[in-house]
Amino acid sequence: MGKLAITGGEPLRQAPYPCWPTYTRAESLALDDVLSSTKWGGQPFPGKHAVAFAKKFAETHTAKYAQCVNTGTVAIQASLKAIGIRPGDEVIVPAYTWEGTVGPVLLVNAVPIFVDVDPDTYCLDASKIEAAITPKTKAILPVHLGMRFADMDAILRIAAKHKLKVIEDCAHAHGGMWMGKGAGSMGDLGAFSFQSSKLITCGEGGAVITNNLEYFELVQSYINAGRASLTDHYKKRIIGFNYRLGEFQAAILGPQLDRLPEQAQIRTKNMLHFESRMKDTPAIGLLKPDPRITRLAPYGYVIKYFSPKAKEVPRANFVAALQLEGVPCDGLFYEPVYKSSLFPVDSADFPALSWNREKVLDLRSMFSCPESERAAYQEAVWFPHQNFLGSAQDTDDIANAIHKVLDNIEELRGLDHKAIRNQKLGRADRES
Ligand SMILES: Cc1ncc(COP(=O)(O)O)c(C=O)c1O
């Protein structure tokens, strides 16, 4: 029997971390209000809660307009339609992200072009974008991943130079600010998810924000079966679908947004404390802070684990050991999308991969993004944001568990354990 919980020792922590999502009486009252109104449909039928939420959500992110939609994936898809992405166009995406960033590009029959991430932030590496631009490139789709921002200054500069549109995937960045500008408000459109793990959530949902009325109108039409938008200033007519967010879900979002600033403050304080505890821990690296991030939106707190500085013990063993000490965390949280089992792309299903191409594009084999692969398969360790919603002691326990595991790292060498085997699999392939 060893000292670590995974080898039979006492776990450092028995108490659970705060659960997520949370709700208060405000959500119950809002749901009752919708129920008794019998106006349950998505906006504009009529969507009192959705409209009020969208107004406040846009303001929070320094944007003029916001439209609720039924998922974050749809928020990206609707944004791609709004900027006029057509079959065969190329859209630059980071390799290290959730598949939901990339799927919508294929859904509008465009071609995702994967670019590597910056090892300092794990976000799209702006310095590698220009090499990926071709005459077919129409847009850049950066993701503000985990707790950092893609370098929006550089990305907007490149976009302006090459006349490209920018859609910010802000699924992790609710309330975040870059140089005083809200996440999603700097590009042409910003796409948010309200799926149940997100910083504000209604179970499933999303929103698109923009400062451009024409795009706003196109998004409204696209998600509302092609109907004219409420303002219809630009009189654009497109085929649309029903991607509306129901009013019960919209009603929950208001109170969630109200609590966001207070929760962000708690998370930020605890995370800064955690960082002070990680100083002088050679096996652990932190993502580089960027003073241009003027309001942090930490969705997942991400650290780097350096196996060569931990007696070559693989990350799966380290993460599994931490989990058994009572600290929820994940290593293989994302894979480079082109390698993920959730990306079994078949070119027969996506004609753009062969149209006007000398060779059919094989998206699974044509990219190599070493930083994304290092983050995905070796280094990154993700802690859910709710780990940092508790007390200073809860936060200290994360640091204490990391130190305990590192101090006893020898116990993990060559160890076989179900939790380790599970950690070697991508999230979609694991036993739950
Ligand atoms: C980075 C990123 N993009 C897009 C999405 C898609 O959002 P949804 O799950 O609401 O469709 C997610 C959600 O998990 C995400 O994390």
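Can you say whether Gly176 is more than 16 Å from the ligand (Cβ to nearest atom), buried (at least 24 other Cβ atoms within 10 Å of the Cβ), modelled with pLDDT of 95 or more and of a type outside the set (Val, Ile, Thr), as far as the supplied structure shows? No, not satisfied. Does any residue of segment 330-352 turn out to be more than 19 Å from Leu425 (Cβ to Cβ), more than 19 Å from the chain's Cα centre (by Cα), outside any helix (DSSP H, G or I) and of a type in the set (A, V, I, L, M)? For segment 330-352, residues more than 19 Å from Leu425 (Cβ to Cβ), more than 19 Å from the chain's Cα centre (by Cα), outside any helix (DSSP H, G or I) and of a type in the set (A, V, I, L, M): present.
Filtered by the rule that a residue be touching a Lys or Arg at 6+ places or on another chain (Cβ under 8 Å) and open to solvent by 60 Å² or more (accessible area, probe 1.4 Å), segment 25-48 gives Lys39, Phe45, Pro46, Lys48.
Every residue, every condition in (1) buried (at least 24 other Cβ atoms within 10 Å of the Cβ); (2) more than 16 Å from the ligand (Cβ to nearest atom); (3) over 22 Å from the mean Cα position of the chain (by Cα); (4) assigned to a helix (DSSP H, G or I), yes or no:
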site: Gly190; (1), (2), (3), (4): yes, no, no, no
site: Ala207; (1), (2), (3), (4): yes, no, no, no
site: Gly226; (1), (2), (3), (4): no, yes, yes, no
site: Lys235; (1), (2), (3), (4): no, yes, yes, no
site: Ile239; (1), (2), (3), (4): no, yes, yes, no
site: Leu245; (1), (2), (3), (4): yes, no, no, no
site: Leu253; (1), (2), (3), (4): yes, no, no, yes
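Looking at segment 287-297, is at least one residue touching a Phe, Trp or Tyr at 6+ places or on another chain (Cβ under 6 Å), at pLDDT 95 or above and open to solvent by 20 Å² or more (accessible area, probe 1.4 Å)? There is at least one residue in segment 287-297 that is touching a Phe, Trp or Tyr at 6+ places or on another chain (Cβ under 6 Å), at pLDDT 95 or above and open to solvent by 20 Å² or more (accessible area, probe 1.4 Å).
The set of residues in segment 192-205 that are among the hydrophobic types (A, V, I, L, M, F, W, C) and near the ligand (Cβ under 9 Å from one of its atoms) comprises Phe192, Phe194. With respect to the stated conditions, Ala352 fails to be farther than 15 Å from Val337 by Cβ, surrounded by fewer than 20 Cβ atoms within 10 Å (Cβ to Cβ) and hydrophobic (A, V, I, L, M, F, W, C).
Restricting the first member to segment 131-142 and to residues that are open to solvent by 50 Å² or more (accessible area, probe 1.4 Å), and the second to residues that are among the β-branched types (Val, Ile, Thr) and assigned to a loop (DSSP other than H, G, I, E, B), the beta-carbon pairs closer than 7 Å and six or more apart or on different chains are Lys138/Ile85. Taking strands (runs of 3 or more DSSP E) that fall entirely within segment 277-319, which contain at least 1 residues that are among the basic types (Lys, Arg)? Of the strands (runs of 3 or more DSSP E) lying wholly inside segment 277-319, those with at least 1 residues that are among the basic types (Lys, Arg) span 293-295, 300-305.
The values are calculated or read from the model by the stated rules, or taken from the named source; none is laboratory data. Here the structure is a predicted model, which means the values were calculated and not measured. Backbone-built Cβ (ideal geometry, glycine too); neighbour counts: all protein chains shown. Surface accessibility is based on the protein's heavy atoms, side chains included, excluding ligands, DNA and RNA. Shrake-Rupley method; radii C 1.70, N 1.55, O 1.52, S 1.80 Å.
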